[in-house]
1. Multiplying the sequence separation of residue 111 and residue 280 by 0.36 nm and subtracting their Cα-Cα distance, what value in nm do you get?
2. Say each of residue 206 and residue 264 gets a label point 7 Å from the Cα, pointing the same way as Cα to Cβ; how far apart are those two points in nm?
3. Label residue 296 and residue 14 with points 7 Å out from Cα along Cα→Cβ: what is the distance between them in nm?
4. Give me 29, 262 sorted ascending by neighbouring Cβ count inside 10 Å, so fewest comes first.
5. Nearest 10 degrees, 0 to 90: what angle lies between the long axis of helix 151-162 and the longest principal axis of the chain (Cα atoms)?
6. Students often check this: by mean Cβ neighbours within 10 Å, which of 265-273, 32-40 ranks highest, and how do the rest follow?
7. Once you sort the root eigenvalues of the Cα gyration tensor of the chain as a ≥ b ≥ c, which label holds: rounded (a/c under 1.5), prolate (a/b larger than b/c) or oblate (the other case)?
8. With label points built 7 Å along Cα→Cβ from the Cα atoms of residue 178 and residue 254, find their separation and express it in nm.
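What follows draws every value from the coordinates through simple rules; no lab data is involved. Model, not experiment: these values are computed from the prediction. Here Cβ is always computed from backbone atoms with ideal geometry, including for glycine, and neighbour counts include all displayed protein chains.
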């Protein structure tokens, strides 16, 4: 089969397709023929060798592909050959086939395409756990989503809205305002405003009757995090998801005490390993909201497998609005054209 194989860590431009042996599923695994695989920011970090968890070399990158169950391990009874699934693999998705433990595969709604499933992968489950698990969202609360035009941000805006929250969307680029409003944001917070330490709080207070945000989701970090902490309401909860802005910030713990606020972190991979039943509940709700028309994946730019490096470079350079998805096979099933917005 064809796959992207990483022999040494480095920039995405070095990625190349190679012919490798198709993997054989272990007793508790299934073999999934990959139809679509998301190109994620985290893949860029893994390929570059700067993520906190790195697989041994050589390896096939790619988390969370979607496809069709091709064969079953001898102990698997929960799935059948031919099932359409989202396979939450930690690696191996940038290939024509991947083996995944059966309990990490989730049957897709009939109306959901493989491309849509890949677009949902890793961002909607991250947003769900940030809102439901870490922040304990209650209907009627005010949620500020930082980096709202990014993958996790877009998902968080839609999910928070569907869960009954009032959603404030924090964006760095004013031209992204229309897309986050279309995703369900009630108001925009300008993260490019001068004197952000005060201006972010002032904007949030103006939109919340001086209370602040009950929940803030932060995939950005840096000085934006430092400003966001000051915009929390009494008993507010801020969830750290990542550091896309670059710097890893520090927090003065007297802030936590003075306003009875909480700051927690989310590493979604740990939940897949430690709380598989909770992950299954997560995808059950996400798929249900999709079928109800309450969530829709972001616009997707599709690349053939051979252009995996180009897809990751485009993410790195912020040349893509929405999601990037790889198509390992050129067939008539859920077919898309490279570079086409769908």
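1. Extra length from residue 111 to residue 280 when fully extended: 58.9 nm.
2. 3.2 nm
3. Those two pseudo-labels are separated by 4.1 nm.
4. 262, 29
5. Approximately 70 degrees, to the nearest 10.
6. Put in order of decreasing packing, that is 32-40, 265-273.
7. prolate
8. 4.7 nm
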